[in-house]
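J.: Sending over a structure as structure tokens; questions will come in a sec.
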């Protein structure tokens, strides 16, 4: 009579994914952030995989982990496999949901640069649905479900807006600023993400002033507080341009420091001509020299 042996069990996919992410990024914490789980979950997945294999994939050290020979031998093929899987998923989504576009960007860019452009984009292409995710760092687009990234960078992608630094404040406060040295007598707002902005601008001016004032973890909130008259903020031209045009903020000093990085848009996947993602990308880069 025929024999029906039990099927061989495969290694757990989530455990393989956790190992690959940890091995590629070099840290369980970075792998956890990419996968949207806790570092403890990554640790548990890797330990379960090692138990199934009966061999170690990482050598645990006081300052992190390093791959064993077995882990190193497996990494390249697993990375290629998960890259291919992510690409296949992206293509499937693009065919099944051809009018959805997902954009990842910084919180400040989402609120101050991208959001004001969405009404015009909706008017030009009402059939396209644009979703925005605010992140503190660009995602790995080979694995992410996002179609486009919009982040400050020195190169890569397409430049959609240049950037420069200069102080901005409410018009009433500007009347108190006769010289750069006057900044020492008014509150100077700063942002934790760009904590060297004041130093960069003052170095460019060639003046030493001790600036002090409230610190914000959200640049958009710092901008609003500057509009409210709470102090002088180091403005990023790409992000405060609208406030300057409306007269809500003014630049009390003419000197500007041009930054070597600008706001850049990119995608790790092809954007077929006429597709929703290509149309959104074209709209966002209109009017900026490449």
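The values are calculated or read from the model by the stated rules, or taken from the named source; none is laboratory data. Because the structure is predicted, anything quoted here is derived from the model rather than measured. As a convention, Cβ positions derive from the backbone with ideal geometry for all residues, glycine included, and neighbour counts pool all protein chains shown.
J.: Looking only at residues that are touching a residue at least 60 places away in the same chain (Cβ under 8 Å) and more than 21 Å from residue 223 (Cβ to Cβ) in the stretch 96-111, which one is surrounded by the fewest Cβ atoms within 10 Å (Cβ to Cβ)?
T.: 99
J.: Could you check the stretch 65-84 and list, in sequence order, the residues that are in contact with a helix residue (DSSP H, G or I) (Cβ under 9 Å, 6 or more places away or on another chain) and assigned to a helix (DSSP H, G or I)?
T.: Within the stretch 65-84, 70, 71, 72, 74, 75, 78, 79, 81, 82 meet the criteria.
J.: On the given criteria, is residue 22 touching a strand residue (DSSP E or B) at 6+ places or on another chain (Cβ under 9 Å), closer than 29 Å to residue 138 by Cα, in a helix (DSSP H, G or I) and not assigned by TED's automatic domain parsing to the domain that holds residue 146?
T.: So residue 22 fits the description; yes.
J.: Checking the condition free of Cβ contacts under 8 Å to residues at least 24 places away in the same chain and under 20 Å from the mean Cα position of the chain (by Cα), which residue from 41, 32, 56 passes?
T.: Answer to the check: 32.
J.: Any idea which of (1) within 18 Å of the chain's Cα centre (by Cα); (2) in a loop (DSSP other than H, G, I, E, B); (3) not assigned by TED's automatic domain parsing to the domain that holds residue 110 is the one residue 220 doesn't satisfy?
T.: In the conditions (1) within 18 Å of the chain's Cα centre (by Cα); (2) in a loop (DSSP other than H, G, I, E, B); (3) not assigned by TED's automatic domain parsing to the domain that holds residue 110, residue 220 misses (2) alone.
J.: Quick test for you: out of 114, 150, pick the one residue that is surrounded by 14 or more Cβ atoms within 10 Å (Cβ to Cβ), within 11 Å of the chain's Cα centre (by Cα) and at pLDDT 95 or above.
T.: 150
J.: Moving on. Among the residues of the stretch 154-186, what is the count of those that are in a loop (DSSP other than H, G, I, E, B) and either in contact with a strand residue (DSSP E or B) (Cβ under 7 Å, 6 or more places away or on another chain) or loosely packed, with under 12 Cβ neighbours inside 10 Å (or both)?
T.: 10
J.: Do you know which of the residues in the stretch 232-253 that are part of a loop (DSSP other than H, G, I, E, B) and in contact (Cβ under 8 Å) with a residue 60 or more places away in the chain is surrounded by the most Cβ atoms within 10 Å (Cβ to Cβ)?
T.: Filtering first and then ranking leaves 249.
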